[in-house]
Every structure is written in structure tokens, then in C-alpha cells.
Amino acid sequence: MMVKIIPQRGLESLPTYRPGRQIEEIQREYGITDVIKLASNENPLGVSPKAVEALENMLGKVNFYPDGQCFNLRNSLAKHLHILPEQVMVGNGEDGLILEICLAFLDENSEAIVSCSSFPIYDIYIRTMRAKLVKTPLHEFRLDLQAMADAVTDRTKVIFVCNPNNPTGTTITAADAAAFLVRIPDNVLVIFDEAYFEFVDTDNFPDTIQYVNEGRENILVLRTFSKIYGLAGLRLGYAIGAPSILSALNKVKEPFSVNLLAQTAGLAVLEDQEFRQKTFQITQEGRKYLYQEFDRLDLNYVKSQTNFIMTEIGPRANEIIEKMTCKGVVIRPCSAYDLPYFARISIGTPEQNARLVKTLEEVLNAVN
Ligand SMILES: *Cc1c(COP(=O)(O)O)cnc(C)c1O
């Protein structure tokens, strides 16, 4: 049989997303045991004990389908965020919601605007829908909202604003956001991806939920349980927006997109603000320590509002990252983000941060 099954047109030139490498994969491939992963911005404190307990109690019930509408979790989120339950929708990770947004709003006649060097999942689903992907440049490692607004045409359907931005860790201010939104027509959906919202430590961060509460229907806010809440492995995210927008997402979603255990753990971690607070604290301290050490090593980095720091390690970045991997310290190259001289380094526990610095210093000394 020689017939080749050809994927749909949108897929021809689409690159495959490459996530941070798994600890087990590194252990297998390099024959080492003591591996730390600072490549995917996961929670270094592990899982909230309250979530573990709730999960244990639910394990014997996975014979049941989950609630496709996540009634309890939506109500709990609504209470925590001071919004109505009908203004929130839960998804199979933020990634799942990004896919649903693209399925619901894009087709080959539409355009979608994203920034260069931002979260790559947007590009993948935009292109899968065969919409035109319009990319604007960064300005001093920040999203350039002026350029994004300038790129709007009468075909533009969605704009993805990653704030704080991954991989640069930078934010846009409330004033930037307000000036930007004034320029955006009502028929263009602006998605604020706030995956790192809980790590932000500045008082000029935009209050995007307030826009939704004021009745603006062309704004959607995305957040996740993967980062500060430590549930990356369960896949849980949510979208806040007008019911009219969420009902379009509801039409295209898988009926049971959010599994039973994810919903259970989500409810539990919302009640564990101590875990969230501890994670915030350790991240702040780790950030300060790493800035200090990168300064000592004479490395440039971008000041971050997240649980990772984008650090310039030079033209030999790939070689350096590979050598660090051999020594059991996994960090993320930024070549797929068009920033080939940089690495994105997640902030870990104090022990992990110290090992990262020691290993980086050894490898830098060896290659230079
Ligand atoms: C991690 C991340 C996500 C994905 O979150 P999930 O809920 O795990 O799918 C979305 N956006 C950005 C910017 C991220 O860094």
C-alpha cells in the first residue's frame, strides 16, 4: 500500500511543540539519577497537602464521568474572584482553552495577532485553523501594544496578550492596557493570558477582570492552576469573560474536557491560600538570589514578574544547556522563541537555585 494520508493544509509547515524535557527522559538518556527540572515553570514546593488529601478521597470515584460544566469549581472561582459563575469557564489547562478559542473564533478568512517571542501554543492553533498569523516585534523585551493595535485590520478576530509574557517575564502596565483597549474595535477579542498573575509584584498591573465586570464583551482573561497552584500534571485552567463569549467556547469544547481529579484538586487548592503564599514567598526570595548570582557571573537577564528568569548565556547557549543537562540541571532554551542567546530558567527551591548557579558557573568556565 503506497497511499500517503495527507494531513489538512494548515499542518504542512507547522512545527511540533517541544515541551521542557521530562526528568525521567533525562535519567534514561544520560544514565544519571539526580536530575532537577527548571524548564517548565512548575511549582518547586510540590503539591498542596490539601489537594493530595482531596485526590485520595476521590480516587475510588473515577468510574463516574466528571461534571462537564464544572459547577462546583466555577462557583468557587466566582466567589474568589468576585465575579458571577456564568462569567467563568474551566478548561483542560489553559492550553485547552486556547484551542477552544481558536476553534470557536478563527477560520481561513480571519487574522490573529500575537507578539514575537511569546507563548508558542497560540501560533500552533491559529495556524491549525488556517487563520493568518500576524506577529509584532517585542520592544525592549516587552509586548509592544502599540504595534499590536496598529496591526488590526477588518479581518482581525483575536489578539493574544501574554501578560506577564512568557518567556521574557515582563509585564504591561494598566495604563498601557487602557490605551491599547481604546484602540481595539468591539468585534476583536482581546485575550489576556495571565498564567503568571499570582506571581506579579507590581501595583500597576492591569485589572482585566474589572473590564469584564464593567460589561466589556471583547475581553477574555486566562489563568491556570499549573503554576502557583502546583497542578500542572492534572491540566486545569479557566477563562473569565462575558457569557456571550464563553457560550461560543462551550459549543466547541469536548463534553468532559476537565477530568474529575483536576476539578477535585482545583477546589482544594483554592482553599489552601497558605500553599499559594509560600510559593509566592519562595519565588520572591529565589528571584532576588538569582539576580544577585547572575550579576556576579556577569550575565544579562530580564527583570521578571514571574517564577522564571530569562537569562542571556550567549551564542553557545545550546552547548551550555546540553552540558548542564548532562550534569542533571535542565533549563529551557529560548531558540524556539527566536531568542537563541537566552535560556529561560524556572525559580526553584533554595537548594535547586544554588545547584543551578554552581552548575551554570562550572559549565560557563568550561566553555569559555
Ligand atoms: C504555562 C502557560 C500556559 C499553560 O497553562 P496550562 O494551564 O498548563 O495549559 C499558558 N500560557 C502561558 C503564558 C504559560 O506560560
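Look at Leu73 and say whether it is of a type in the set (A, V, I, L, M), touching a residue at least 12 places away in the same chain (Cβ under 8 Å), buried (at least 18 other Cβ atoms within 10 Å of the Cβ) and closer than 17 Å to Lys251 by Cβ.
No: the conditions fail for Leu73.
For the range 279-303, give me the residue count where each residue is of a type in the set (Lys, Arg) and surrounded by 14 or more Cβ atoms within 10 Å (Cβ to Cβ).
Total meeting the criteria: 1.
Only one residue in Thr279, Thr306 is outside any helix (DSSP H, G or I), of a type in the set (Val, Ile, Thr) and modelled with pLDDT of 95 or more, so which one is that?
The unique qualifying residue is Thr306.
List the residue pairs whose Cβ atoms are under 6 Å apart, where the first residue sits in the range 134-154 and is within 10 Å of Ile172 (Cβ to Cβ), the second is buried (at least 17 other Cβ atoms within 10 Å of the Cβ) and small (Gly, Ala, Ser), and the two are 6 or more positions apart or on different chains.
Leu143/Ser115
Under 8 Å between Cβ atoms, at least 6 apart or on separate chains: pull out the pairs that start in the range 198-223 with a residue that is over 28 Å from Phe308 (Cα atoms) and end on any residue that is exposed (fewer than 15 other Cβ atoms within 10 Å of the Cβ) and of a type in the set (Ser, Thr, Tyr).
Short answer, once both residue conditions are applied: Glu217/Ser244.
Out of (1) away from the ligand (no atom under 16 Å from the Cβ); (2) of a type in the set (Ser, Thr, Tyr); (3) crowded, with 21+ Cβ neighbours inside 10 Å, the odd one out for Ser115 is which?
Condition not satisfied by Ser115: (1).
Just need a number here: residues in the range 296-338 that are among the acidic types (Asp, Glu), touching a residue at least 40 places away in the same chain (Cβ under 8 Å) and out of contact with any Cys (no Cβ under 9 Å at 6 or more places or on another chain). Walk me through it before giving the result.
At the first step, the residues of the range 296-338 found to be among the acidic types (Asp, Glu) are 298, 312, 319, 322, 338.
Then drop every residue that is not touching a residue at least 40 places away in the same chain (Cβ under 8 Å), which leaves 319, 338.
Cutting the leftovers down to out of contact with any Cys (no Cβ under 9 Å at 6 or more places or on another chain) gives us 319.
Within the range 296-338, residues that are among the acidic types (Asp, Glu), touching a residue at least 40 places away in the same chain (Cβ under 8 Å) and out of contact with any Cys (no Cβ under 9 Å at 6 or more places or on another chain) number 1.
I'd like to verify a number: residues in the range 187-230 that are surrounded by fewer than 20 Cβ atoms within 10 Å (Cβ to Cβ) and under 25 Å from Val269 (Cβ atoms), how many?
Total meeting the criteria: 8.
In a loop (DSSP other than H, G, I, E, B), within 15 Å of the ligand (Cβ to nearest atom) and surrounded by 22 or more Cβ atoms within 10 Å (Cβ to Cβ), is that true of Val258?
Criteria met by Val258.
Give the range 304-332 a look and list any residue that's surrounded by 22 or more Cβ atoms within 10 Å (Cβ to Cβ), within 25 Å of Phe225 (Cα to Cα) and in contact with a helix residue (DSSP H, G or I) (Cβ under 7 Å, 6 or more places away or on another chain), or say none.
Ser304, Thr306, Asn307, Ile309, Val329, Val330, Ile331
The values are calculated or read from the model by the stated rules, or taken from the named source; none is laboratory data. The model shown is predicted, which means the values in this text are computed figures rather than measured ones. Note that each Cβ is placed from the backbone with ideal geometry, even for glycine, and that neighbours are counted across all protein chains shown.
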